[in-house]
Amino acid sequence: MPGATRSLTTAAQTSSLATVTEFVRAGAHEARLPEARIGELDLLMEEVVVNVCRYAYRDASPGDLTVTYSIPSPGELEVEIADQGIEFNPLSAEPPDVTLSLEQRPIGGLGILLLKTLATSLNYRREDGWNRLKFGISAGS
């Protein structure tokens, strides 16, 4: 149903990944995304959610993350992942040098490269203490 917006808040723990993925998959099915794009969406969600869980909250108790999706029109899904962790704009990070061999390449950056490659839109903002990473994915590409 175009225009519908749904949100899920859960603990920012890697054990929440399956719940978050299933939640967003429901939106992808509702938006009528093809299975190939849903598989790519699963990969993007894993990259973003795991990074929030590992790096956003540095103290002993993890915080929460909120995932919101909307369907602007059939074949389109917008997803926002929000957390109140350490401010971090992943879009300003240096892109990985993919010309280096695996042994030479430092860890990190491939998740954002995937987002930039697979998402149809991508933006970040810090708002009222929240990191908000939003991306779009569509049936076409």
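Each reported figure results from applying straightforward, stated rules to the coordinates on display, with no laboratory input. Here the structure is a predicted model, which is why all the values come from computation and not from measurement. Counting neighbours? That spans all protein chains shown, and the Cβs are built from the backbone with ideal geometry, glycine included.
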> Which length gain, in nm to one decimal place, applies between LEU8 and TYR55 when the Cα-Cα distance is subtracted from 0.36 nm times their residue separation?
Replying inline: 14.9 nm
>> How would LEU91, LEU118 line up from fewest to most surrounding beta-carbon atoms within 10 angstrom?
In response: LEU91, LEU118
> Per residue, what volume in Å³ does the convex hull of the Cα atoms of region 5-138 enclose?
Replying inline: 117
